[in-house]
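To start, the structure itself, in structure tokens.
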């Protein structure tokens, strides 16, 4: 494709020379380069060709007249103007100078050849046509002004009779007129070719620019959209189809808005409206419904949208700006943020548990140690304190009880640590569970009677034998029954019952004690957790009892359920498989069950958790 008149494009060396004359500021823009080339080439080559033909003209015609000398001298002006453009890059100024030079030449020739009726007067029409190549209204207006002023001047001079007599020979006048028309037509043809070249260059540059943007829009993973101020979508890039799971045509208009999560729609519209009103950028995050072809239900993905109003060229004629937005999928980032928040919350809970553990251990260890140290010092100084045999025996019992309590606390901590680390070993063996349950109730029966609590044991004779760790069941029952006795007031009742199923044994420990609050119930079974604050609690304990029960049941493939209502009592149900070896193998292959929380009915506000 040639960017200059045809006679230039076929001479590559000439074109390279002309390109070297183009100002550096225009070489950065293809359209500006084409305009400078179209301006310089015809003027430079045309003037040089005319000057080269001057000697031939003189040899054929003889001594030239003054007018002919002026015409050939004017041919230097286009060369000087082309030089001016190549040095300054001032394209519009060069066009103004060219129009002024051409108008001056035409006026001078017309004055000598008959005024407005001269063959040269038709060239005044060429002046504004040449200026049109500048694509500047100011240059066209100036060129038209020059041509009109020249025509008016010629009319005035002819009216006043200051023009020389017209050529008398009719044939010579016709020849001059033909020369003027032909030369003007040739020059106009050159201008037309230059205009066509510029138009073609502009078209291909625009097409290439659009193709670049189209290529970017199609290959970017981010979605590009154009919105009206009310949020309606006017353009969507193809990247939206895999992101939203919908066709581009389905997202136009209000299609995208209809897929935005209801709770996020105000933020979405506010960002677009603020960007259109204030002209600055906005950023917003929202959820969009995505229809996956292989998913049975629709899901939501998190989208980050950065939007900005377009410049003044983007006004749609209604006084409102359009908004261009870039959207990207941030679902993975949101999941990471959620995981980080959960990890932070878990760390806070662990830190809280540590603080609670330290406070609990401080109380649980100091109490028996103070008793051991205090009563042992009294026994050491029994001579000076005159302690009789009965008091000595009471002190020894208190020291023994404190030692056993201290040992139980340490053993509980060690057992919980082993269970959590996976180092707690169980020894499965056949045994009768009713014997273990009855033995544990007998051990705690004296404590229940001492506290004025009725301990009821209901064990059927048909309870089958089971395969499991006998010591673990013993520890489970001691923890459950002792907890029930501890948190039941005098005059209350604790019931221990059992029944057999097809593949398991169910043991229920129910009390009429203080109960557990709804907000605390989901955390029952967490290590070191107690429903009451460790600073104002009424009962001793580390909060490890139910945690150990839960861990031991997990090792046997069993489950625990807790039902409670504050002020009315608690019901703990454990289910142990008849063969813990088979149940444990099944639980290892199955996914770990998450704690679930259900409500039995709204009237009694009972809450149940399963572990």
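Take the Cα of residue 410, step 7 Å toward its Cβ, do the same at residue 461, and the gap between the two points is 4.6 nm.
Between the alpha-carbon centres of the stretch 383-400 and the stretch 228-261 there is a gap of 87 Å. In this label model, residue 385 and residue 92 are separated by 11.0 nm, measuring between points 7 Å along each Cα→Cβ vector. In terms of the Cα gyration tensor, with a ≥ b ≥ c the square roots of its eigenvalues, is the stretch 56-168 rounded because a/c is under 1.5, prolate because a/b exceeds b/c, or oblate? The shape class here is oblate.
Find how many whole Å separate the alpha carbon centroid of the stretch 122-149 from the alpha carbon centroid of the stretch 80-113. Going from one Cα centre to the other spans 11 Å.
Remark: 75, 51, 102, 66 ranked as 66, 51, 75, 102, counting other beta-carbon atoms within 10 Å and listing the fewest first.
Its Kirkwood hydrodynamic radius, worked out from the mean inverse distance over all distinct Cα pairs, puts the stretch 83-137 at 12.1 Å. Residues 268, 446, 57, arranged from fewest to most other Cβ atoms within 10 angstrom of their Cβ, appear as 446, 57, 268. Every Cα-Cα pair in the stretch 220-329 was counted, and those over 20 Å apart are 34% of them.
Of the Cα atoms belonging to the stretch 105-147, the radius of gyration and Dmax stand at 11.4, 34 Å. Panel order for 366, 306, by other beta carbons found within 10 Å of each beta carbon, from fewest to most: 366, 306.
Fully extended, how many nm does the chain gain between residue 59 and residue 339 (0.36 nm per residue separation, minus their Cα-Cα distance)?
Gain on stretching residue 59 to residue 339: 91.1 nm.
Size descriptors for the stretch 333-393, from the alpha-carbon set: Rg then Dmax equal 24.0, 75 Å. Between residue 429 and residue 398, the simple label model (points 7 Å from Cα in the Cβ direction) yields a spacing of 4.0 nm. Compared with the direct C-alpha span, the chain from residue 581 to residue 369 gains 72.2 nm at full extension, assuming 0.36 nm per residue. Multiplying the residue separation of residue 506 and residue 471 by 0.36 nm and subtracting their alpha-carbon distance yields 10.8 nm.
A short reminder: the numbers here are calculations on the coordinates, not readings from a lab. Here the structure is a predicted model, which is why all the values come from computation and not from measurement. Here Cβ is always computed from backbone atoms with ideal geometry, including for glycine, and neighbour counts include all displayed protein chains.
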